Amino acid sequence: MESKKKFCKLLSLLLALTLVWSLTGCGGSPAAEEPVPDAAPAAESTVDPDAEIVLAGYRNLAPGEKDGYYCSKILYVWEPLVTQDDNAAPVPCLAEDWEMSEDGTQWTFFLRQGVKFHDGTDFNADAVIANFDRMGIEVKSSSFYPLDINSHYPNLEKYEKVDDYTVRLTFSQPAPTQLYNMVNFGSAMYSPGCFDENGDFNGICVGTGPFKITENKLDEYVLLERFDGYWGETAKAKTIRVKVIPDADTRFSALKSGEILGVIDLNAIPTSLAVQLEGNSDFALTTTKSTMIRFLTLNGTEFPFNDVRMRQAVSMALQRSVITESVYDGFGTPTTNILNYSTPFYKEFPVEEDLEKAKELANEVLGGQRVTVTYLYNGNEAAQKGEAELISSWLSEIGIDCELQPMEMTNMKEQMKTGDYGIARMQQGLSNSEPATIFRRFMLTSGDHNQNYSLGYQSDEVDALMDEASAALDMDVRTACYDRIQEISTQEFPVVPLFNDMTLMAYSTKLTGYDAKLYGIELPLVAWKQ
Amino acid sequence: MGRYLIHKLASLVPVLLGISLAAFVLGVLSLGDPAELALSQGGYEPTQEQIQAMAHQMGLDAPYPVQYLRWVGRALTGDLGDSYSSRMPVAQELGRRLPVTLKLAVCAMALACAGGLLLGCTAAAFRGRWPDRLIQAVLNLQLSIPAFWLALLLILLFAETLGWLPTSGNGGLRYMILPASVLSSATMATAARLTRSSLLAELGRQYCTAASARGIGRWRLVLRNALPNAIVPVVALLGNSLGGMLGGSVIVESIFALPGIGSYALEAINNRDYPALQGYVLLTGAVYVAITLLVDILSMLLDPKVRLGGRKI
């Protein structure tokens, strides 16, 4: 009897839960659960220009106090001393002007006056020095780029305040391209009051940008509000909420349902989904050059790719435009240059593809035999499978049989380090527009990627050119060295480039000013279309 | 009863130590350098010098046993260490995310209980007739549709097309409907099938035949007479599923942009974030053991045979 009573109680509880469920769920009443932003006052004939704009990205764009930068540059909360224009050339931001000493070891920066941080404190030389002091404490990891003084300011000997609006940096070696290292993340400036003794943020970061963060709910959203005391033109939107929606399909559905009005950041929208929006007048796409380049690495420490002719044959056997058109829906630019096309140092070379010549070269190396190699690709990127199948079909024509192996990226890199592979599909972002880092890492004998990816590349000429470039104070000499290195890369193929990526973003046509830039969008220009 | 509980609680310690050690060993055995991964987010590739400096900063240059013992020592004081990738205290991160996962799991469990029992009872009551066959077909569908696909279909229908529900995000119950439906789908189907088969076994017993012969209605027979005896294995199944829902909601959390512990574990695995992973394993292990304990207690309350441990009255 007793157990029956208990059972009745249990059953009643279950039924009550079901009732609550159906009332809350099927009733469809949005109720007053929490302040859900009404993103789209579409039905209104006149749009409130101050209504909140909701966007979304795949990750936290403001990872918070423990991140070296607190938030990404694309939120326009903090500003750097030096930023870049559409061609990735350094241009003034918080530093109004600068000059380099004749020997290239001293850089003097003249700071913009009348700039205030969001907390009302003045931006001046003391603030810059405080930011340098903070950078010197330790390397700060970040979701974006490591905050490392040695990486952004190599060979820095000292930094000093000359007067209230002038700062001087002294280097032990000539640093003629230092400006490129300082672009955006290299010279982010925060109010000195927002750091603790370890250099971590003690709350929401305080910058000088056109937006300030008013709320940051980690992994959910960050709320931006226009900073009316901004030194330049104030932002057009009053508030912008940037949500975190990791899944691309969900982001796409949120965009189509009007829950969000635009997608931003890297991987904003896969090309396969973007093409579905083409022809839909409610949405638009915006594209620009990306700093990412996609390429194949070949294991140059072993036969057959230790022979330059085989690497040339692989490059010539590919049909890059077929890859970009059929796999990436045209969102990519074929290239054979190791350097990404977003830097002003980039030089255009014709993409040479000739199957007959490829067969000849491969035949010279293989002597009529066939060779089987392992082709590693990132299993998390669906498009790479189709791409690998295309590439392996072309390579089979020159005598290379590929065993396709999808892998998790970290494991793949470990396998490449051991040299236990033939071909691998990789990608590389350009951390700043100065290309020396890329050349050094891939093409110098001691380069870390050259070794870790088992590229086995060695060129005395490249080594000499890099030495010459690093000693050159004259930009023309440096540019000539870089031009030649790029040319060598298209002939000797330390890696086999496939294509330069495009940054692709989608937005609702209810917005204006939503233009893709080299790094994100220009958020201050985004507004409701009136 | 008291001794039983003490025994269960005492067994928690070696279990948790064992799983934390297993998590640590698996982390160490897996390829990938945490220092490199901590620096290489957002497509950036760190240099060898940066990696070495970061490894030292993270204490990765100490021998593995030292690293493990350090962690256990701190864990005893409630400090689960700092995440390698976000540098936030793991305990704090788990504390922040656990309520989201709990909310999702409780909602999913409510759905699974209600749906499972309702469907199971209906199928048993109409055994062999069309409602039974229809329910069986639905349950087979629920069991065979992959969670991620079901999630995308539901988003497409209820959020994108009909606009009734939000696509994703963390909020009130309205935000939980789609993810909880996905998370509960397979469990609901399993519970319904188990309920049906247990009920059918009970309905075949003499007391049910006798009750039926005395003219008791079909629903009354199922709900009042057979179900109390048939429900014990279903409760055990649902209880164990709750543990799975708490720990295994990775895909659902990721698709529906819910910042719970499942998505945290996924990030931790990708980043070789050992402290985060160990914290996750420890937490889900503890919760799992606690739930098993609760299910045992509930079974004792529901079933006198379990309570008496086989002793005769």
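Taking the stretch B:84-105 on its own, how many of its residues are closer than 13 Å to B:Gly279 by Cβ, free of Cβ contacts under 8 Å to residues at least 12 places away in the same chain and more than 11 Å from every other protein chain (Cβ to nearest Cβ)?
So the answer is 1.
Out of everything in the stretch B:161-201 that is more than 11 Å from chain A (Cβ to nearest Cβ) and basic (Lys, Arg), what residue ends up being surrounded by the fewest Cβ atoms within 10 Å (Cβ to Cβ)?
Among residues in the stretch B:161-201 that are more than 11 Å from chain A (Cβ to nearest Cβ) and basic (Lys, Arg), the one surrounded by the fewest Cβ atoms within 10 Å (Cβ to Cβ) is B:Arg193.
Can you tell which of B:Gly215, B:Gly239, B:Gly204, B:Gly244 is of a type outside the set (A, V, I, L, M, F, W, C) and surrounded by 18 or more Cβ atoms within 10 Å (Cβ to Cβ)?
B:Gly239
Any idea which of (1) at pLDDT 95 or above; (2) farther than 29 Å from A:Lys66 by Cβ is the one A:Asp103 doesn't satisfy?
If we test A:Asp103 against (1) at pLDDT 95 or above; (2) farther than 29 Å from A:Lys66 by Cβ, just (1) comes out false.
Would you check if A:Asn131 is assigned by TED's automatic domain parsing to the domain that holds A:Ala89 and without any contact (Cβ under 8 Å) to a residue 60 or more places away in the chain?
When the stated conditions are applied, A:Asn131 does not pass them.
Determine which single condition B:Leu156 fails, assuming it passes every other condition in (1) more than 8 Å from every other protein chain (Cβ to nearest Cβ); (2) surrounded by 15 or more Cβ atoms within 10 Å (Cβ to Cβ); (3) of a type outside the set (Asp, Glu); (4) farther than 23 Å from B:Val100 by Cβ.
Against the list (1) more than 8 Å from every other protein chain (Cβ to nearest Cβ); (2) surrounded by 15 or more Cβ atoms within 10 Å (Cβ to Cβ); (3) of a type outside the set (Asp, Glu); (4) farther than 23 Å from B:Val100 by Cβ, B:Leu156 comes up short only on (1).
Please specify each residue of the stretch A:222-246 satisfying the condition of being in a loop (DSSP other than H, G, I, E, B) and within 11 Å of chain B (Cβ to nearest Cβ).
The answer is A:Ile245, A:Pro246.
Got at least one residue in the stretch A:168-178 being farther than 26 Å from A:Asp474 by Cβ, modelled with pLDDT under 95 and among the hydrophobic types (A, V, I, L, M, F, W, C)?
no
The conditions are (1) assigned to a helix (DSSP H, G or I); (2) surrounded by fewer than 21 Cβ atoms within 10 Å (Cβ to Cβ), and B:Leu277 fails exactly one of them. Which is it?
That leaves (2) as the condition not met.
Scanning the stretch B:11-51 for residues that are open to solvent by 60 Å² or more (accessible area, probe 1.4 Å) and at pLDDT below 80, which turns out farthest from the other protein chains (Cβ to nearest Cβ)?
Going through the qualifying residues, I end up with B:Val13.
Taking the condition of being outside any helix (DSSP H, G or I), farther than 25 Å from A:Thr479 by Cα and of a type in the set (S, T, N, Q), how many residues in the stretch A:80-131 meet it?
Matching residues across the stretch A:80-131 total 3.
Grab the strands (runs of 3 or more DSSP E) fully contained in the stretch A:332-433, keeping just those with 2 or more residues being in contact (Cβ under 8 Å) with a residue 24 or more places away in the chain and among the charged types (D, E, K, R).
Here the list reads A:400-407.
Go through A:Arg440, A:Arg484, A:Arg478 for me and flag whichever is touching a Gly at 6+ places or on another chain (Cβ under 9 Å) and surrounded by 15 or more Cβ atoms within 10 Å (Cβ to Cβ).
A:Arg440
If I ask for residues that are surrounded by fewer than 21 Cβ atoms within 10 Å (Cβ to Cβ) and part of a loop (DSSP other than H, G, I, E, B), which ones from the stretch A:445-466 would you list?
Those that are surrounded by fewer than 21 Cβ atoms within 10 Å (Cβ to Cβ) and part of a loop (DSSP other than H, G, I, E, B): A:Thr445, A:Ser446, A:Gly456, A:Gln458, A:Ser459.
Out of all the residues in the stretch A:395-416, is one or more open to solvent by 10 Å² or more (accessible area, probe 1.4 Å), within 30 Å of A:Ala472 (Cα to Cα) and either within 14 Å of chain B (Cβ to nearest Cβ) or among the basic types (Lys, Arg) (or both)?
No, the stretch A:395-416 contains no residue that is open to solvent by 10 Å² or more (accessible area, probe 1.4 Å), within 30 Å of A:Ala472 (Cα to Cα) and either within 14 Å of chain B (Cβ to nearest Cβ) or among the basic types (Lys, Arg) (or both).
Given (1) among the polar types (S, T, N, Q); (2) at pLDDT 90 or above; (3) under 30 Å from B:Ala230 (Cβ atoms), identify the lone condition not met by B:Ser197.
(2)
Mind checking which pairs have a first residue in the stretch B:44-73 that is in contact (Cβ under 8 Å) with a residue 24 or more places away in the chain and a second that is not in a helix (DSSP H, G or I) and not aromatic (Phe, Trp, Tyr), Cβ under 6 Å, 6 or more apart or different chains?
B:Trp71/B:Gly81
How many residues, within the stretch A:250-272, are open to solvent by 20 Å² or more (accessible area, probe 1.4 Å) and either hydroxyl-bearing (Ser, Thr, Tyr) or at pLDDT below 90 (or both)?
Looking only at that region, the number is 6.
Does any residue of the stretch B:57-68 turn out to be modelled with pLDDT under 80, touching a helix residue (DSSP H, G or I) at 6+ places or on another chain (Cβ under 7 Å) and part of a helix (DSSP H, G or I)?
No: zero hits.
Which condition does A:Ile521 not pass, out of (1) outside the structural domain of A:Gly232 (by TED's automatic domain parsing); (2) crowded, with 23+ Cβ neighbours inside 10 Å, if it passes all the others?
Here A:Ile521 meets the rest and fails (1).
Looking at A:Glu389, A:Glu353, A:Glu348, A:Glu381, which is the one that is farther than 29 Å from A:Pro435 by Cβ and not small (Gly, Ala, Ser)?
Exactly one of A:Glu389, A:Glu353, A:Glu348, A:Glu381 is farther than 29 Å from A:Pro435 by Cβ and not small (Gly, Ala, Ser), namely A:Glu389.
Would the stretch B:137-150 turn up any residue that is buried (at least 16 other Cβ atoms within 10 Å of the Cβ), out of contact with any Leu (no Cβ under 9 Å at 6 or more places or on another chain), in contact (Cβ under 8 Å) with a residue 24 or more places away in the chain and farther than 12 Å from B:Ala189 by Cβ?
Checked against the condition, which is being buried (at least 16 other Cβ atoms within 10 Å of the Cβ), out of contact with any Leu (no Cβ under 9 Å at 6 or more places or on another chain), in contact (Cβ under 8 Å) with a residue 24 or more places away in the chain and farther than 12 Å from B:Ala189 by Cβ, the stretch B:137-150 yields no hits at all.
If the requirement is being within 12 Å of another protein chain (Cβ to nearest Cβ), out of contact with any His (no Cβ under 8 Å at 6 or more places or on another chain) and in a loop (DSSP other than H, G, I, E, B), which of these qualifies: A:Asp219, A:Asp249?
A:Asp219
Going by the conditions given, is A:Asn150 open to solvent by 40 Å² or more (accessible area, probe 1.4 Å), at positive phi and free of Cβ contacts under 8 Å to residues at least 24 places away in the same chain?
In short, no.
Run B:Ala226 past the list (1) within 12 Å of chain A (Cβ to nearest Cβ); (2) closer than 30 Å to B:Leu104 by Cβ and report the number of the one that doesn't hold.
Status for B:Ala226: all satisfied but (2).
Return yes when A:Leu55 is touching a residue at least 12 places away in the same chain (Cβ under 8 Å), among the aliphatic types (A, V, I, L, M) and not in a loop (DSSP other than H, G, I, E, B) and no when it is not.
Yes, satisfied.
Among the residues of the stretch A:307-326, are any at positive phi, at pLDDT 90 or above, in a loop (DSSP other than H, G, I, E, B) and assigned by TED's automatic domain parsing to the domain that holds A:Met426?
So far as the stretch A:307-326 goes, no, none of its residues is at positive phi, at pLDDT 90 or above, in a loop (DSSP other than H, G, I, E, B) and assigned by TED's automatic domain parsing to the domain that holds A:Met426.
Looking only at the stretch A:275-305, count how many residues are of a type in the set (Phe, Trp, Tyr), open to solvent by 10 Å² or more (accessible area, probe 1.4 Å) and in the same structural domain as A:Asn363 (by TED's automatic domain parsing).
Of the residues in that region, 1 qualify.
Would you confirm whether or not the stretch B:107-122 contains a residue that is on the phi > 0 side of the Ramachandran plot, small (Gly, Ala, Ser) and at the interface with chain A (Cβ under 9 Å from one of its Cβ atoms)?
no
The values are calculated or read from the model by the stated rules, or taken from the named source; none is laboratory data. Quantities reported herein were computed from a predicted structural model and do not represent experimental measurements. Don't worry about glycine lacking a Cβ; one is built from the backbone with ideal geometry, like all the others, and counts go over all protein chains shown. Accessible surface areas use protein heavy atoms only, side chains included; no ligands, DNA or RNA. Shrake-Rupley method; radii C 1.70, N 1.55, O 1.52, S 1.80 Å.
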